[in-house]
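Notes for the one structure printed next.
The values are calculated or read from the model by the stated rules, or taken from the named source; none is laboratory data. As the structure is a prediction and not an experimental result, all values here were calculated from the model. Note that each Cβ is placed from the backbone with ideal geometry, even for glycine, and that neighbours are counted across all protein chains shown. Ligands, DNA and RNA are excluded from the accessible area calculation, which covers all protein heavy atoms including side chains. Shrake-Rupley method; radii C 1.70, N 1.55, O 1.52, S 1.80 Å.
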Amino acid sequence: MLSVLRVHLPSDIPIVGCELTPYLLLRRPDKTVTTDDVPESAPLDGHFLRYKWYRIQSDRKVAVCSVHPSEQATLQCLGCVKAKIPVAKSYHCSPKCFSDAWQHHRVLHDHAASSVNENGNEEEEIFGRFNSTGSGVVNATLTGSASSASLTNGSTSLYPSAVTQRSGGETWFEVGRSKTYTPSADDIGHVLKFECVVVDMETKLPVGHPNTILTSRVIPAPSPIPRRLIPVSGTDMMGQLDSDGRISSSGTFTVLSYNILSDTYASSELYSYCPSWALSWPYRRQNLLREIVGYRADIVCLQEVQNDHFEEFFAPELDKHGYQALYKRKTNEVYGGNIHTIDGCATFFRRDRFSHVKKYEVEFNKAAQSLTEVAVQTTQKKAALNRLVKDNVALIVVLEAKFSNQGADNPGKRQLLCVANTHVNVPPELKDVKIWQVHTLLKGLEKIAASADIPMLVCGDFNSVPGSAPHSLLAMGKVDPLHPELLVDPLAILRPHSKLTHQLPLVSAYSPFARGVGLGLEHQRRKMDITTNEPLFTNCTRDFIGTLDYIFYTADSLTVEALLELLDEDSLRKDTALPSPEWSSDHIALLAEFRFQTRPRR
């Protein structure tokens, strides 16, 4: 007879919006073991599995710590209550938690105070209640009644008031009847119970005892303070929010570039400082999607997108938001794992803003084959390929704008745009390979530019810091022959050094922040390296912080109108580094708003 051998949940802590999928190990009637589902529509030997989910609702409501969401809150910041900050952000699990978080927590008060009362009275009232150490606001110990207000969501259960059991001050509400369950806001602070039982097909009665598992208390999904779009064009026009909340102004478009950290690389060994629930893919994918969709970019360039995640999650989910998807997975000459989990580059664009004209796929392995056949001696070919073949790719897409470009001297002309998306994932010691791959990509883009006279964007994770040879090639159009990285060239593929050039007028999109003056820009300037005109970092882990990601644009055909604000290192260090519960990649997203400009006559 069919029986259940084991039931467990991959993640200990359930999070609002993240699907829970129990792992079931079953024994078939023939004694073989399987993890396949046995639904009522496909019974096995006259039996099937029935599932139920319950919310265990205690008479005493529980608030959750805003810093450590797996912990129950014991105190509340009265300053947050006074400032009408979302109540969930006011809870803390201990005085030490509140004191440690104060430096970052008070930013919430600053934002609230400046928006509520410009003359400073409200701010004075909020910050007038410091404790004797000056580290925080007077706090109130939570009682059951004090915390209940934040947990009343005003929405009804999926299954209306199906009370199945009440004992010891607890009520069990049935909330689901499928194998999976996605916690809602109504579940915050409550324990969930999963029940699985074998059922007789004829009698519809359970056979044997049900298998059950209890979760920890459901926690809300962390919600970082949204990043703002900062105008840099020298005008004070911010752009308008359109009907769906997207920032836009006539003739402009936005581009997002983001290395989302493939699940294959997101190991607990590498990112031990990130809580396991926040590192799990079911949580990260929802948090990443929420972030990406929230930016409402017209064009989205993602790196480290696993093949299966693109097909099963990102393509269908972003399709719901009006995006068309294009993908190029990395080649698999070096990669030895599952072909479905190999990562690649994904480019999405809004169908209402652009249409697809052409796609080019760059496989650097093929370029390596061609190079070794021509430039490398026969005896060195195998060693050369071992060094050059790294499975990296680039996805180049030509799009046509569907919106008008006001002020253009030829309004009837098609407005094309070429967008390159790449991830140059090369070990740091192979500096020659990294330079060669970037040079190969730029030469390919030069050919497209020459044939179509087309504006260009070059986006991606180049794994190259500002001032490195690949960055110099991108930003300056050449590499200084005396650059120390050119000394690493055992195959002589970089010689003569004079060939390391290109004619594309590329400029880094974030450079306006480095020279910015005026409202909002001075704060961003402090997050820039003014010697390289690049952000201080786009990648922040425990062991490394620096800039690896860029958006370059052709300055003779595009202008930067606005940039997504950069993050402070201090705000990220409260969680040690990235990824964290708030930000689900070890990289930060870059976003720029561009305007097409009329080219000078050639």
Size of the stretch 175-225 as Cα extents on the principal axes (Å, biggest first): 55, 16, 13
Let me have the relative contact order for the stretch 246-377, percent, based on Cα pairs under 8 Å that are six or more residues apart. 25 percent
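Rg/Rh for the stretch 332-476 to two decimals, with Rh computed the Kirkwood way over all alpha-carbon pairs. The partial results should precede the final answer.
On the way: Rg = 17.7 Å, Rh = 17.1 Å.
In the stretch 332-476, Rg relative to Rh is 1.03.
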Under the rule of at least 5 residues apart or a separate chain, name every residue whose amide H is placed under 5 Å from the amide H of H68. C93
Amide H contacts under 5 Å for H190, placed H, 5+ residues apart: V218
Could you work out the local net charge near E317, counting Lys and Arg as +1, Asp and Glu as -1, over the other residues with Cβ closer than 13 Å to its Cβ? -2
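What fraction of the Cα pairs in the stretch 455-515, stated in percent, has a spacing above 13 angstrom?
Numbers: 1209 of 1830 pairs.
Result for the distance tail: 66 percent.
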Give me log10 I(q)/I(0) at q = 0.12, 0.19, 0.21 Å⁻¹ for the stretch 407-469, Debye formula, one equal scatterer per alpha-carbon, no solvent. -0.41, -0.78, -0.88
The whole-number value in µm²/s of the Stokes-Einstein translational diffusion coefficient for the stretch 492-560, with Rh from the Kirkwood sum over alpha carbon pairs at 4 °C and 1.567 mPa s, is 91 µm²/s
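Kirkwood hydrodynamic radius (Cα pairs, Å) of the stretch 398-519?
16.3 Å
Provide the percentage of antiparallel DSSP beta bridges, counting only those with both residues in the chain; round to the nearest 5. If you can, show how the numbers build up before the last one.
Details: 102 of 115 bridges.
Among the beta bridges of the chain, antiparallel pairing accounts for roughly 90 percent.
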MRE, 222 nm, helices only [DSSP H, n ≥ 4, -39500 (n - 2.57), over the chain, to nearest 500]: -6000 deg cm²/dmol
What the 5 Å binned alpha carbon P(r) of the stretch 336-400 shows, as percent of pairs per bin from 0, is 4, 14, 18, 15, 14, 13, 10, 6, 4, 2, 0
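Send over the Kirkwood Rh of the chain, from the inverse of the averaged 1/r over different Cα pairs, rounded to one decimal Å.
Details: mean 1/r = 0.0368 Å⁻¹.
With all distinct Cα pairs of the chain included, I get 27.2 Å.
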Dipole moment magnitude, nearest 20 debye, the chain about Cα centre, only Lys, Arg, Asp, Glu C-beta charged: 740 debye
If one puts a single equal scatterer on every Cα of the stretch 1-75 and applies the Debye formula without solvent, what log₁₀ I(q)/I(0) results at q = 0.12, 0.14 Å⁻¹? -0.53, -0.65
What net charge do the residues around M528 carry, taking every other residue with its C-beta under 15 Å from that of M528, with Lys and Arg at +1 and Asp and Glu at -1? -3
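Please give the length that would be gained between L430 and T21 if that part of the chain were fully extended, namely 0.36 nm times their separation in residues minus their C-alpha to C-alpha distance (nm, one decimal). Write down the numbers at each step before the final one.
Values: separation 409, 0.36 × 409 = 147.24 nm, distance 4.17 nm.
Taking L430 through T21 to full extension adds about 143.1 nm, to one decimal.
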A student asked for the Cα radius of gyration and Dmax of the stretch 265-361 in angstrom ought to give 14.7, 44
Using only Cα atoms, what is the ratio of the radius of gyration of the stretch 521-602 to 2.2 N^0.38 Å? 1.31
Sparse-neighbour loop sites [GluC sites (Glu not before Pro); the stretch 302-378; at most 16 other C-beta within 10 Å; DSSP]: E333
Could you tell me the distance between the Cα centroids of the stretch 263-316 and the stretch 65-99, to the nearest Å? 28 Å
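What number comes out for accessible area per residue over the chain if the probe is 1.4 Å? Units Å², please.
On the way: 27340 Å² over 602 residues.
Ligands and nucleic acids excluded, the figure is 45 Å² per residue.
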Of L536, A592, P581, which is farthest along the charge dipole of the stretch 486-602 in the positive direction, counting Lys and Arg as +1 and Asp and Glu as -1 at C-beta? A592
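Roll a 1.4 angstrom probe over the protein heavy atoms and tell me the percent of accessible area of the chain that is carbon or sulfur.
Values: 14150 of 27340 Å².
Within the chain, the accessible surface is 52 percent carbon and sulfur.
How large is the convex hull of the Cα atoms of the stretch 318-359 per residue, expressed in Å³ as a whole number?
Numbers: hull volume 2.8 nm³, N = 42.
Value for the stretch 318-359: 67 Å³ per residue.
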In Å³ and rounded to a whole number, note down the convex hull volume per residue for the Cα atoms of the stretch 441-592. 134 Å³
